[in-house]
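Report on one structure; see the data block that follows.
The values are calculated or read from the model by the stated rules, or taken from the named source; none is laboratory data. Here the structure is a predicted model, which is why all the values come from computation and not from measurement. Don't worry about glycine lacking a Cβ; one is built from the backbone with ideal geometry, like all the others, and counts go over all protein chains shown.
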Amino acid sequence: MRASVLLGFVITLAAAVPAAGQPAAPQSQTRPPAGQSTPPGQPPAGTAAATGQPTPPPPPAVPASRKFTSDGGMIFNVIKPDKTADFEAVMARVKEALGKSDNPKRKQMALSWRVFKGLESGPGGNYVYIFWFDPPVKDEDYQITSILGEAFPNELQDLWSKFQQSFVSGQTMLNLQQIVNMSPNAPATTTIPK
């Protein structure tokens, strides 16, 4: 029972925190479907403004990168049940890319990056994968496309396609600040922000 409550909480948190989205596919642009363009300044039919309802606030801005600036970090990934093997295969290639990189920052990233999978499925049978960075390499970009593109430029489009098609929705990224360290070996004083 506790595991399902925790999983529900994680999925709710992942949905409630402004989605960081996924980086754009390499060398591609998103265009509206043919025949569904809207004149500038006019809302599409069926939207709140077109129906006389108040217009909802715009969604939060999508971060341009996957850079952490804090003590710890997490990225939530909600993955389709039939795409877990593809997602895990791409993550194995990310590990390989980090391991073979000559860039010392990439090596450092690999040392503190863990990928966890929720053992219980959530709504719709989807699975939550959590990237845990303890500590993250501050101000270094964790974009999957950048990491894979450096190591496997000829495979990037295929790997990106598998990765992107695995998601139910975009990623949710959190910068974390440590408040208390419960370890008996931790320093006696912990600074708690005011």
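Could you list all residues from the range 143-167 that are in a loop (DSSP other than H, G, I, E, B) and either modelled with pLDDT under 95 or in contact with an Asp or Glu (Cβ under 6 Å, 6 or more places away or on another chain) (or both)?
Within the range 143-167, the subset in a loop (DSSP other than H, G, I, E, B) is 143, 152-155, 166.
Answer for the range 143-167, where residues must be in a loop (DSSP other than H, G, I, E, B) and either modelled with pLDDT under 95 or in contact with an Asp or Glu (Cβ under 6 Å, 6 or more places away or on another chain) (or both): GLN143, SER166.
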Next on the checklist: When you check PHE163 against the structure, is it in contact with a helix residue (DSSP H, G or I) (Cβ under 8 Å, 6 or more places away or on another chain) and at negative phi, yes or no?
Outcome noted: yes
Checklist entry - Has the range 115-129 got at least one residue that is touching a helix residue (DSSP H, G or I) at 6+ places or on another chain (Cβ under 7 Å), in a helix (DSSP H, G or I) and under 20 Å from PHE68 (Cβ atoms)? => result no
Checklist entry - Scanning for something under 16 Å from the mean Cα position of the chain (by Cα) and more than 17 Å from ALA85 (Cα to Cα), does the range 147-156 turn up at least one residue? => result yes
Next on the checklist: Please verify whether SER183 is more than 14 Å from the chain's Cα centre (by Cα), within 16 Å of LYS67 (Cβ to Cβ), of a type in the set (Gly, Ala, Ser) and surrounded by fewer than 17 Cβ atoms within 10 Å (Cβ to Cβ), treating the condition exactly as stated.
Outcome noted: no
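Take LEU111 and decide whether it is more than 14 Å from the chain's Cα centre (by Cα) and farther than 22 Å from PHE68 by Cβ.
Details: more than 14 Å from the chain's Cα centre (by Cα): yes; farther than 22 Å from PHE68 by Cβ: no.
The answer is no for LEU111.
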Next on the checklist: Taking the conditions exactly as written (out of contact with any Leu (no Cβ under 8 Å at 6 or more places or on another chain), without any contact (Cβ under 8 Å) to a residue 24 or more places away in the chain and not in a helix (DSSP H, G or I)), does PRO135 satisfy them or not?
Outcome noted: no
Item to check | LYS194 being farther than 19 Å from GLY73 by Cα, at pLDDT below 95, among the basic types (Lys, Arg) and surrounded by fewer than 16 Cβ atoms within 10 Å (Cβ to Cβ) | outcome: yes
Checklist entry - Looking at the range 144-162, is at least one residue of a type in the set (A, V, I, L, M, F, W, C), out of contact with any Gly (no Cβ under 8 Å at 6 or more places or on another chain), within 24 Å of SER70 (Cβ to Cβ) and loosely packed, with under 13 Cβ neighbours inside 10 Å? => result no
Checklist entry - Is the range 84-103 home to any residue that is farther than 15 Å from ARG66 by Cα, of a type in the set (A, V, I, L, M), crowded, with 17+ Cβ neighbours inside 10 Å and touching an Asp or Glu at 6+ places or on another chain (Cβ under 7 Å)? => result yes
